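Shown next, in structure tokens, is the structure this report addresses.
Taken together, the values in this text are just the output of simple stated rules run on the coordinates, not laboratory data. In this text, all values refer to a predicted model and were calculated from it rather than measured experimentally. Positions of Cβ are generated from backbone atoms using ideal geometry, with glycine treated the same way; all protein chains shown enter the neighbour counts.
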Number of protein chains: 2
Amino acid sequence: MRKFVVSLLFFVTYSVFAQTLLPSWNDGPSKQAVLSFIEKTTAKDSPDFVPVSQRIAVFDNDGTLWSEQPIYVQISFTFDRIKALAHKHPEWTTQQPFKAVLENDIKGVMATGQDGLFKLIAATHAGVTTEEFREIAEQWIKTARHPKTGRLYTEMVYQPMLELLAHLESRGYKNYIVSGGGIEFMRPWTELVYGIPPERVIGSSIKSQFQIIDGSPRIVGLPEMQFIDDKENKPIAIQERIGRRPIMAFGNSDGDYEMLLWTTAGKGPRFGMLIHHTDDVREVAYDRQSSIGRLNTALDEAPIRGWTVVDMKREWREIFPAK
Amino acid sequence: MRKFVVSLLFFVTYSVFAQTLLPSWNDGPSKQAVLSFIEKTTAKDSPDFVPVSQRIAVFDNDGTLWSEQPIYVQISFTFDRIKALAHKHPEWTTQQPFKAVLENDIKGVMATGQDGLFKLIAATHAGVTTEEFREIAEQWIKTARHPKTGRLYTEMVYQPMLELLAHLESRGYKNYIVSGGGIEFMRPWTELVYGIPPERVIGSSIKSQFQIIDGSPRIVGLPEMQFIDDKENKPIAIQERIGRRPIMAFGNSDGDYEMLLWTTAGKGPRFGMLIHHTDDVREVAYDRQSSIGRLNTALDEAPIRGWTVVDMKREWREIFPAK
């Protein structure tokens, strides 16, 4: 009963405050759920209070914090990089998957499968030092534009999620990215765009080698995958990197299912949220049948697991930051 | 010239303050070097000022933060665990390396080499969930005692380093452990003992598997090494996990050489420190010939690289915390 009264108090107090918080979220079940969870875990007199050290929130990136349609941003980067390097590799005009990239033949690239993708990653992400790759990724992200909207990719981030990240940070939460995207591709811009520093970015990676050349050390990427941070590897990476179970997890696809499951199965207050891409006018509507960001199993289990599903079309007042 | 005057000013100001800081350090070159580095990188008007986000210090653990003699603490843990599990494995009384452990035959264990060690780690660190292993390690560290001093291992930490960790933290530095020791072996106690939280512990690890049993997720250790966080793997782990180059690095053996090299080869102010075990009365004197914590190449290169070498015997007033 006491718990109920306290909860009610939070709700009433919060209904007033909530109107000014997260302005790009319409007042609806998702906004209410996430705000009341943050409130109950951070208010000092709350029975569900969580100490600052344990306030860890993990976010998928593609489709959760920024747009992944019509194609993952890192794929666009990889294609652009292949084109930029093509003059050094005349053999690419006849070799797959390079030929398909140079001919803008997306279907042809896809037909080469995961093996083809790894070849493209090896050709574009390896063979340079971490500093050189950082510079390449940084330069690209400053100028590359989304094929449909013509906006910078860093402007194709979700405004409601930016507000949520900032609100969590202001309440003592530490936000982490746990993405299938490349860790060194994300790090050059996540701090600027999301306020998430390099040490809180978890992602896929290629192997690397430490070398000492003329007494100077360097780390160079090798053309071999080390870790693919997707599905069951997400909780494994979280344990390896953070070493404690997060309190909150945010995703948008079945690739995030295990991460949400791992997070919300812990003891004490837990929160799972799925971003459901329902807006075919302002973005792209996709879920169960999509080849990018398929959301099927996780959508089925959301009600059973108590995860909040955001209906982007109804619940987000704005999707992208104002121009 | 201006830089010189500013430096002189720091030195004079700091000579006064330094007497109260790091009380377990004798006033000598190492104390002066580390304090003036911290001061010049954190004082707002300093030409060598470093923003808080970049104030990253990495510490080896065994032999740098706590004693590694006469045997690595984790080896003691592993041996105790073998003995505790022996009743379930009658075959161990005749199989190496288990037989040697059960007979307290350290030389016999060593004779089985790295392969034998991996077998011991597989038998003691794998097959349980991360939560179960945490509980096991936590219980052990609460009661296990050093074979010579009879003190708890958590009391075999270096008092001067505890003071340094606390001072760095108070000046906005983030301290990380980068150890050859097992990541999940260290995490249960590093926050309590060193003030270093789980997410800032980097170490060696075994592979693990994500499982869903009756709808509940768990992560279970597998009997296979994933990563050995030593030598050239230390800078690789630092880049993978932190994503930026540290400003300060502390080690005590050739296993830390690459980490110090990587850290101090970066641009701007950098600091490398080696703890030299010179005290045969209060601890153990060892360096170039030791099988544990060999310090040879790094000691030779210290003057060339500008690394500070701490002479434990002369420069540390106290070695371990007061009883």
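Residue-wise test of (1) without any contact (Cβ under 8 Å) to a residue 24 or more places away in the chain; (2) of a type outside the set (Asp, Glu); (3) within 14 Å of chain B (Cβ to nearest Cβ).
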site: A:Leu65; (1), (2), (3): no, yes, no
site: A:Val73; (1), (2), (3): no, yes, no
site: A:Thr78; (1), (2), (3): no, yes, no
site: A:Lys88; (1), (2), (3): yes, yes, no
site: A:Glu103; (1), (2), (3): yes, no, no
site: A:Ile106; (1), (2), (3): no, yes, no
site: A:Gln114; (1), (2), (3): yes, yes, no
site: A:Trp140; (1), (2), (3): no, yes, no
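Of everything in the stretch B:156-181, what is in contact with a Phe, Trp or Tyr (Cβ under 9 Å, 6 or more places away or on another chain) and not in a helix (DSSP H, G or I)? Give them in sequence order. Within the stretch B:156-181, B:Met156, B:Val157, B:Tyr158, B:Asn175, B:Tyr176, B:Ile177, B:Val178, B:Ser179, B:Gly180, B:Gly181 meet the criteria.
Restricting the stretch B:25-67 to residues that are acidic (Asp, Glu) and surrounded by fewer than 19 Cβ atoms within 10 Å (Cβ to Cβ) leaves a set whose member that is farthest from B:Asp229 (Cα to Cα) is B:Asp45. Of everything in the stretch A:252-280 that is of a type in the set (Ser, Thr, Tyr) and more than 17 Å from the chain's Cα centre (by Cα), the residue that is surrounded by the fewest Cβ atoms within 10 Å (Cβ to Cβ) is A:Thr278. Only a single item in (1) closer than 17 Å to B:Ser53 by Cα; (2) within 11 Å of chain B (Cβ to nearest Cβ) is not met by A:Trp189, and it is number (2).
When restricted to residues that are assigned to a loop (DSSP other than H, G, I, E, B), away from chain A (no Cβ under 14 Å) and not β-branched (Val, Ile, Thr), the stretch B:34-53 contains 7. Here is a check on your reading of the model: is A:Ser179 touching a residue at least 12 places away in the same chain (Cβ under 8 Å), of a type in the set (S, T, N, Q), crowded, with 22+ Cβ neighbours inside 10 Å and within 14 Å of another protein chain (Cβ to nearest Cβ)? Considered against the rule, which asks whether it is touching a residue at least 12 places away in the same chain (Cβ under 8 Å), of a type in the set (S, T, N, Q), crowded, with 22+ Cβ neighbours inside 10 Å and within 14 Å of another protein chain (Cβ to nearest Cβ), A:Ser179 comes out as yes.
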